[in-house]
1. Using the alpha carbons of region 4-128, what is the convex hull volume per residue in cubic angstrom, as a whole number?
2. Which of rounded, prolate or oblate describes region 88-132 when judged by the alpha-carbon gyration tensor and an a/c cut-off of 1.5?
3. Within the set of other residues whose C-beta is less than 12 Å from the C-beta of residue 101, count the net charge using Lys and Arg as +1 and Asp and Glu as -1.
4. Taking amide H positions as placed in the peptide plane 1.01 Å from N, state which residues far from residue 83 in sequence (5 or more) or on other chains have amide H under 5 Å from it.
5. Over the chain, what is the relative contact order in whole percent, taking alpha-carbon pairs under 8 Å and six or more residues apart?
6. Filter the chymotrypsin sites (Phe, Trp or Tyr not before Pro) in region 22-73 to those in DSSP coil with at most 15 other Cβ atoms within 10 Å of their Cβ, and list the result.
7. Multiplying the sequence separation of residue 24 and residue 112 by 0.36 nm and subtracting their Cα-Cα distance, what value in nm do you get?
8. Going 7 Å from the Cα of residue 72 along its beta-carbon direction, which residues of region 1-28 have the amide nitrogen within less than 17 Å of the resulting point?
Amino acid sequence: MSTHSFPVRIYYEDTDFSGNVYHAAYLKFFERGRTEFLRDLGIHHAELAEQGIAFAVRSMAIEFIGAARIDDLLTVNTEVTQSSGVRLGLRQTIARGDAVLTTADVTVVAIKTSGGPARLPADLRARLVPGA
């Protein structure tokens, strides 16, 4: 799959005393980007839960390059970098126009809602990684 893009507008609630986006707000933006990436593939968290499956972030490495400010319109880009039966690697960027402000390398894992790891169903994996 090519890169998925999702727009995010910066509101006052996203900023800190300096007027810049508070660092933890970027985590919310990345989460929204991952959720919309899945939604556009026809994968919905509620439907996964009905199958007893959920995604959990296992690790995330973030680099803060530039600052976003109130009223900025940003784009959260998400692309799959690797996959296995239970693990999915994603590269996410947040940009203002052509300027990349923040990057994240994210590993998410499939888990059973009852606890423990879960294998991704083949049809789900095929939507996430065509040709897998």
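None of the figures in this text is laboratory data; all of them are computed from the coordinates on show. Just so it is clear, the structure is predicted and the values come from calculations on it, not from any experiment. All Cβ positions, glycine included, derive from the backbone under ideal geometry; neighbour counts span all protein chains shown.
1. Convex hull volume per residue, Cα atoms: 109 Å³.
2. Numbers: a/c = 4.14, a/b = 1.89, b/c = 2.19.
Here region 88-132 falls in the oblate category.
3. Values: positive: 69, 96; negative: 63, 72, 98.
That sum, taken over residues with Cβ under 12 Å, equals -1.
4. Close amide H contacts, sequence-distant or interchain: 89.
5. Once normalised by length, the contact order is 29 percent.
6. Passing both the DSSP loop test and the Cβ count: 22.
7. Length gained between residue 24 and residue 112: 29.0 nm.
8. Under cut-off, by backbone N: 6-28.
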